[in-house]
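First up is the structure itself, then whatever we jot down about it.
What follows draws every value from the coordinates through simple rules; no lab data is involved. Worth saying up front: this structure is predicted, and the values here are computed from it rather than measured. Because the Cβ atoms are built from the backbone with ideal geometry, glycine has one as well, and the counts that use them run over all protein chains shown.
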Amino acid sequence: MARAFIGETECQVNVDKDLGDTWAVSVLPPRDRGLAPLVVKLQGEDREKAVKGALEILQKAGKIDRFES
């Protein structure tokens, strides 16, 4: 399972199949951090590629510091 990090804090990564070939990838920071969940929706047939693509987008946007897939 993929893991995302904001600073040194590990965040849960959820992946849900949305309508058609759309995937919703959510990064959920711990509740005590007071941060809102981060959500990216991508189209594609491959779940793992969608997760990696979403996490790369969040990292390039500066929303997460790093990830492990």
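Counting only residues that are within 17 Å of GLY20 (Cβ to Cβ) and without any contact (Cβ under 8 Å) to a residue 24 or more places away in the chain, region 54-64 holds 0 of them.
Only one of VAL27, VAL13 is without any contact (Cβ under 8 Å) to a residue 40 or more places away in the chain, outside any loop (DSSP other than H, G, I, E, B) and within 8 Å of the chain's Cα centre (by Cα). Can you tell me which? Outline the logic, then answer.
On the way: VAL13 fails: without any contact (Cβ under 8 Å) to a residue 40 or more places away in the chain.
Being without any contact (Cβ under 8 Å) to a residue 40 or more places away in the chain, outside any loop (DSSP other than H, G, I, E, B) and within 8 Å of the chain's Cα centre (by Cα) holds for just one of VAL27, VAL13, which is VAL27.
Considering only region 56-68, I want to know if a residue exists there that is out of contact with any His (no Cβ under 9 Å at 6 or more places or on another chain), among the polar types (S, T, N, Q) and exposed (fewer than 15 other Cβ atoms within 10 Å of the Cβ). Checking region 56-68: not a single residue is out of contact with any His (no Cβ under 9 Å at 6 or more places or on another chain), among the polar types (S, T, N, Q) and exposed (fewer than 15 other Cβ atoms within 10 Å of the Cβ).
Suppose we filter GLY34, GLY53 for residues that are exposed (fewer than 14 other Cβ atoms within 10 Å of the Cβ) and either in contact with a helix residue (DSSP H, G or I) (Cβ under 9 Å, 6 or more places away or on another chain) or not β-branched (Val, Ile, Thr) (or both); which single one remains?
Numbers: GLY53 fails: exposed (fewer than 14 other Cβ atoms within 10 Å of the Cβ).
That would be GLY34, the only listed residue that is exposed (fewer than 14 other Cβ atoms within 10 Å of the Cβ) and either in contact with a helix residue (DSSP H, G or I) (Cβ under 9 Å, 6 or more places away or on another chain) or not β-branched (Val, Ile, Thr) (or both).
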